[in-house]
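Below is one structure, written out as structure tokens; the observations come after it.
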């Protein structure tokens, strides 16, 4: 590991909740927004859609290579209480990006933090973890191990 690269550093709280929000569906975010009287907000930037290059590593640990492009929508909002919320999400759903940015802002506000963490982030994180584990089990069940038989001299 070189200086400036925290390959295995634990994510910050904000990185953790932003990752959960990035994977949340439009319906999940809309349900939370509908169930709460959210403070007003102003759009600082976006929501706007663009393209990013997705990188991968051969075998998960090898050299990096460009896998392809992905569409991403980002948004930045300022809540009436002053917090600035940001979001990045795959796809073109501008409302989803805006709501995720609003929720990021709410998570930075002491009066909202626990309510959003318990009412949205923790349940979403648990559901997302279950989905990853189910996908992992399914992939493991279909795994094929290849081996080579050595031919004899005769």
Q) In region 64-85, is there at least one residue being in a loop (DSSP other than H, G, I, E, B) and over 22 Å from residue 14 (Cβ atoms)? A) no
(Q) Given the options 101, 122, 75, name the one that is surrounded by 12 or more Cβ atoms within 10 Å (Cβ to Cβ), within 15 Å of residue 20 (Cα to Cα), in contact with a strand residue (DSSP E or B) (Cβ under 9 Å, 6 or more places away or on another chain) and modelled with pLDDT of 90 or more. (A) 101
Q: Check residue 5 against each of (1) at pLDDT 90 or above; (2) surrounded by fewer than 12 Cβ atoms within 10 Å (Cβ to Cβ) and name the one condition it does not meet.
A: (1)
Q: Out of the residues in region 32-63 that are loosely packed, with under 10 Cβ neighbours inside 10 Å and assigned to a helix (DSSP H, G or I), state the one that is modelled with the highest pLDDT.
A: 34
Q: List the number of the failed condition for residue 91; all other conditions in (1) at negative phi; (2) modelled with pLDDT of 85 or more hold.
A: (1)
(Q) Looking only at region 90-120, how many residues end up being closer than 30 Å to residue 68 by Cβ, in contact with a helix residue (DSSP H, G or I) (Cβ under 7 Å, 6 or more places away or on another chain) and assigned to a helix (DSSP H, G or I)? (A) 6
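The values are calculated or read from the model by the stated rules, or taken from the named source; none is laboratory data. Just so it is clear, the structure is predicted and the values come from calculations on it, not from any experiment. Don't worry about glycine lacking a Cβ; one is built from the backbone with ideal geometry, like all the others, and counts go over all protein chains shown.
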